[in-house]
Every structure is written in C-alpha cells, then in structure tokens.
1. May I ask you to list pairs of residues, at least six apart or on different chains, whose Cβ atoms are under 7 Å apart, with the first in the range 113-130 being under 24 Å from residue 98 (Cα atoms) and the second being open to solvent by less than 100 Å² (accessible area, probe 1.4 Å)?
2. Does residue 65 fit the bill of being of a type in the set (A, V, I, L, M), at pLDDT 95 or above and in a loop (DSSP other than H, G, I, E, B)?
3. Return the residues of the range 93-115 that are in a helix (DSSP H, G or I), in contact with a helix residue (DSSP H, G or I) (Cβ under 9 Å, 6 or more places away or on another chain) and open to solvent by 50 Å² or more (accessible area, probe 1.4 Å); say none if nothing qualifies.
Amino acid sequence: MGGEVAGGNPGSGGDGEENNNRNIAEISLKELSRKLEEFAKERDWEKYHSPRNLLLAMVGEVGELSEIFQWKGEVAKGLPNWEESDKEHLGEELSDVLLYLIRLADICGIDLGDAATKKLVKNAVKYPPPPILDQ
C-alpha cells in the first residue's frame, strides 16, 4: 500500500535523472519534496499518504534503523570498524526515515527547512553556550 515513499532512493522520481552527476548531498529539502510528490503521483499512492499513514510508516523505518545498532554497543564516529555494505544499509534506512519525514511535513503543510531553522534559533536561546571564563 504505497511501499517505500520513493523506493528508498531520493534520486528516483521520474525526472529522467537529469541531475545524475550531481552530488546528492547538495539536493534541497524542497527538491526532495517535489520528487517524492511526483513519485507518489506516478504510482497513484497519494490516496495512501495521509499524515497518520506516513507517520506510522516512518516509525516502522525508525525501527529498521534501530535494528542496525541493536546489539552493537557504542560505535565510534564515522563507523570505522563497519563493512561498506553495512554502511550502505545504514544509509538506505536513514534515507527511508528522511524521505518519510519530508513527505509527512509536506502533506501537513509544514516547510521543514523553515521549521528546522526556527527550531535551531529557539534551541540556541534555550541552551546558550557556556560563558567564557577569563584566565
């Protein structure tokens, strides 16, 4: 019933992959949102993309993400002891969560980039850096 929001691949979306050589890290949230909307329309999945359904699907993906770390204990930054295939799997699950989050925000009429920026400002006020002590 709608499967992956965009097949787990932010590059898919029916636009002929015109940006195939583009560094994927440079893609904006708005571009991902557009690709996800297009992807859902092409498959007639929009009827399944209610806020509730998207949230529950995202929670399921968070569960899959959690399974990757479940019995590993603490892991070092950068995952230096992980196999490349494990890192690739992690990237796929992180992408699934991100894509569902973007789609959920879009369906709810939330500009995720704007909301995140405002939240960072709010957190900076709520949690100011410690004062610098003169020595």
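The values are calculated or read from the model by the stated rules, or taken from the named source; none is laboratory data. The shown structure was predicted, so the numbers you read here are calculated from the model rather than taken from an experiment. Heads up, the Cβs are rebuilt from the backbone with ideal geometry, glycines too, and the neighbour counts pull from every protein chain shown. The accessibility values were calculated without ligands, DNA or RNA, using every heavy atom of the protein model including side chains. Shrake-Rupley method; radii C 1.70, N 1.55, O 1.52, S 1.80 Å.
1. 113/29
2. So residue 65 does not fit the description; no.
3. 94, 98, 101, 106, 107
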